[in-house]
Structure formats: C-alpha cells, structure tokens
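Student: Have a look at the structure that comes next, please.
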Amino acid sequence: MRVTPFLVCSMLLAAAPVFAAAPDHYKLDKAITLGGEGGWDYLTYDAAGKRLFLSRATRVMVVDPATGKVLKEIPGTDGVHGIALAHDLGKGFTSNGRESTVTVFSLKTLEQTDKVKVTGENPDAIVYEPVTRRVFTMNGRSNSSTVIDAATDRVVATIALDGRPEFAVADGKGKVFVNIESKSELSEIDAATAKVVKTWSLAPCESPSGLALDEEHRRLFSGCDNKIMAVSDADAGKVVASFPIGEGVDATRFDPGTQLAFSSNGQGTLTVAHED
C-alpha cells in the first residue's frame, strides 16, 4: 500500500472572481511504501517535529516523510480518524470512532498517557483550540461535539450541533468552525463558552466534508460532494465564492505562504486554487 501525501494536480479552476487557476507545476514527487493492515483516514503533519501522523484503523503510524521510515506506532486507537497536536502541552490526541474514545499521547515519547470516553458516538474530526487549551471531537452519529480540557484530560462540556458534523478547524483566536455535512451548513463555536454562536448555509455546496482556513484573510474553504469548493467569510458568516473541484473530496488544506487552497479528490486528483 502506498501513501502519496503530495500528489499533484493538473486540474482546473475557476469561476469565482477572487480565485484563479494555480500554476501547473505540481507533480508526484515520490511514493512511500509503508504496508501493513488497515485503511487510511486523516493525515496530520507535525511541522515542529517534522513527523507525519497517519491514522490506520487501529493505530497511528508516525513517519519521517524525508526518509519514509516508520518511527513508531501508537496502538489501541480502534477506528481512529483524526490526530490533533497540542505542542504547548506536549500532547497529542486521537479520535477513536469505533470505541468512542480519545487517546492522549506524549509528543516526546509517543506513548499513550490517558484515554478519555467521549459523550457521543463515532468521534470523527478532532481539533485542538490553543486559546482555551481545549480539544473538540466531532461526533458523527450523535450530532454533537465533546469538549475536553487538554491540560487535565477531562470532559468539560457537550455541544449539540444542527446535524452530522464532519471536519473542523480552529482559528487560533478562540473559535472553532465545523462543517455540518447532513445540512450543508457551517457552524461557528465559541470555545470558551462551548456554544454554537452562528450557523449559515453553504449553498450551492452539498454535503461538505473537508474544511480549511486562511487565518489572515478569514476565509473558510469547504470541500463539497457536488464537486465544488465553497468559500465563506468567517466573520460575516456567509459564502462569498465557489469554484469547481474534482470528484470525491474528503480533505482540504490552505497554504498561507503561497495563498493556495487544495482539495484532495477520491478520483485520484488534487485541485489547486490561488486566492488573489
């Protein structure tokens, strides 16, 4: 089995006035063969430690992307979806969907230090919010988010959501944004009060999954099942642009250095858009 986290695109873009086609200079650089059992879900890159965390069904593989070497595996993460990192606390957190738990591990030793039972079923996306030092799980079968104090590993709140949550991002200023996949909406959570403060329609987007944030310009990028990316103004709470992407999107990312937004598409392509 191969992992190609830097797969290239030659695709397309768009009709929105603030976006343009990215220069066609992305190509497949290399493929790293890791092998082993279990499917793949979210990837999390640790820029400080130069490590790549990969969810593999029952465990998390920690890989050096420069050499392709597996540095360690974190076991006991049944149904793992996402990995969140809290460098200020020296901790990492995984969302374990099948057992509805969060595994807490040390970023130094990569050993498990705790396991937390969440207050909903099938935690999918997981995000660390640094202002409040809280971890938020998005519980797909319960239409809720569990809030965990990252310093003490204790559940402090449960947030009812408008529908089935998918991916989430934190803005570094005390807010968490989450795609509501079943309603084609996007919700804003105040991390300190653990309450939803705003929800808006993502039309013409249908079934949003991946979500990314341009922190400087306050733009949110929702990858949608109907082959578009919807761009929202995070402060105004409304869609301001959209453009076509490939089929089968799951994750989206934004690179502030290049002002490029990325959509990884299940059809085996990557869509790249430039934010002008």
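Student: By how many nm would the segment from Asp78 to Leu260 lengthen if fully extended, with 0.36 nm per residue of separation less the alpha-carbon distance?
Tutor: That works out to 62.1 nm of additional length.
Student: Sticking with this structure for a sec: Using only the alpha carbon atoms of the chain, find the Kirkwood hydrodynamic radius as the inverse mean reciprocal pair distance, in angstroms to one decimal.
Tutor: One decimal place: 18.7 Å for the Kirkwood radius.
Student: Based on the Cα coordinates of region 52-136, what is the per residue volume of their convex hull in Å³?
Tutor: Each residue corresponds to 87 Å³ of Cα convex hull volume.
Student: Considering the Cα positions of region 143-220, please state its Rg to one decimal place and its Dmax as a whole number of Å.
Tutor: Cα-based Rg and Dmax for region 143-220 come out at 12.5, 41 Å.
Student: How about region 211-276: which GluC sites (Glu not before Pro) there lie in a loop by DSSP and see at most 10 other Cβ atoms within 10 Å?
Tutor: For GluC sites (Glu not before Pro) across region 211-276 that sit outside H, G, I, E and B with at most 10 neighbouring Cβ atoms in 10 Å, the list reads Glu216.
Student: Still on this structure, I have one more. Just report the Cα centroid separation between region 126-149 and region 220-276, whole Å.
Tutor: About 23 Å separates the Cα centre of region 126-149 from the one of region 220-276.
Student: So, with +1 on the Cβ of K and R and -1 on the Cβ of D and E, and no other charges, what is the size of the charge dipole of region 209-276 about its Cα centre, to the nearest 20 debye?
Tutor: 160
Student: Taking springs between alpha-carbon atoms closer than 10 angstrom, which of Ala191, Ala151, Ala48 fluctuates most in the Gaussian network model of the chain?
Tutor: Checking each option, the largest mean-square fluctuation is seen for Ala48.
Student: Given C-alpha coordinates of region 80-194, what is the ratio Rg to Rh with the Kirkwood estimate of Rh?
Tutor: 0.94
Student: Treating the beta-carbon of each Lys and Arg as +1 and of each Asp and Glu as -1, no other charges, what is the dipole magnitude of the chain about its Cα centre, to the nearest 20 debye?
Tutor: 580
Student: What accessible surface, in Å², does a 1.4 Å probe find on Glu37, ignoring ligands, DNA and RNA and rounding to the nearest 10?
Tutor: Its accessible surface works out to 150 Å², give or take rounding.
Student: If you take the beta carbon distance between Asp153 and Asp233 as r and set R0 to 35 Å, what does 1/(1 + (r/R0)^6) give as a FRET efficiency, to the nearest 0.05?
Tutor: Rounded to the nearest 0.05, the efficiency is 0.50.
Student: Count neighbours as other Cβ atoms within 10 Å of each site's Cβ, and list the GluC sites (Glu not before Pro) in region 76-127 that are DSSP loop with at most 12 such neighbours.
Tutor: Glu111
Student: Now for a separate question. Only Cα pairs under 8 Å and at least 6 apart count here; give the relative contact order of region 78-126 as a rounded whole percent.
Tutor: 36
Student: If I take every Cα pair under 8 Å that is 6 or more residues apart in the chain, average their sequence separation and divide by the length, what percent do I get for the relative contact order?
Tutor: Taking the mean separation of contacting Cα pairs over the length of the chain, I get 13 percent.
Student: How much length, in nm to one decimal, is gained on full extension between Arg141 and Val70, taken as 0.36 nm per residue of separation minus their Cα-Cα distance?
Tutor: Here the answer is 22.3 nm.
Student: Using a 7 Å offset from the Cα along the Cα-to-Cβ direction at both Asp276 and Val240, what is the distance between the two label points in nm, to one decimal?
Tutor: Taking the two extended label points, one gets 1.5 nm.
Student: If you don't mind, another one. Rg (Å, one decimal) plus Dmax (Å, integer) for the alpha carbons of region 226-276?
Tutor: Looking at region 226-276, its Cα Rg and Dmax stand at 11.2, 34 Å.
Student: With the cut-off at 27 Å, tell me which of the pairs Lys91/Lys175; Lys69/Lys91; Lys115/Lys227 have Cα atoms farther apart than that.
Tutor: Lys115/Lys227
Student: Pop out the Kirkwood hydrodynamic radius of region 145-186 from its pairwise C-alpha distances, inverse of mean 1/r, in Å to one decimal.
Tutor: Computed over Cα pairs of region 145-186, the Kirkwood hydrodynamic radius comes out at 11.4 Å.
Student: Here is a follow-up. Taking the chain as a Gaussian network, Cα atoms linked when under 10 Å apart, which of Ala157, Ala66, Ala234 shows the biggest mean-square fluctuation?
Tutor: Ala66
Student: Also, I was wondering about something else. Among 262-268, 235-241, 180-186, how do they line up from the highest to the lowest mean number of other beta-carbon atoms within 10 Å?
Tutor: So the peptides 262-268, 235-241, 180-186, ranked by packing, come out 180-186, 262-268, 235-241.
Student: Please report, largest first and rounded to whole Å, the three semi-axes of the ellipsoid equivalent to region 188-228, where each semi-axis is the square root of five times an eigenvalue of the C-alpha gyration tensor.
Tutor: Computed over region 188-228, the values are 21, 14, 8 Å.
The values are calculated or read from the model by the stated rules, or taken from the named source; none is laboratory data. Note that the structure is predicted; figures quoted are calculated from it, not measured. Counting neighbours? That spans all protein chains shown, and the Cβs are built from the backbone with ideal geometry, glycine included. Accessible surface areas use protein heavy atoms only, side chains included; no ligands, DNA or RNA. Shrake-Rupley method; radii C 1.70, N 1.55, O 1.52, S 1.80 Å.
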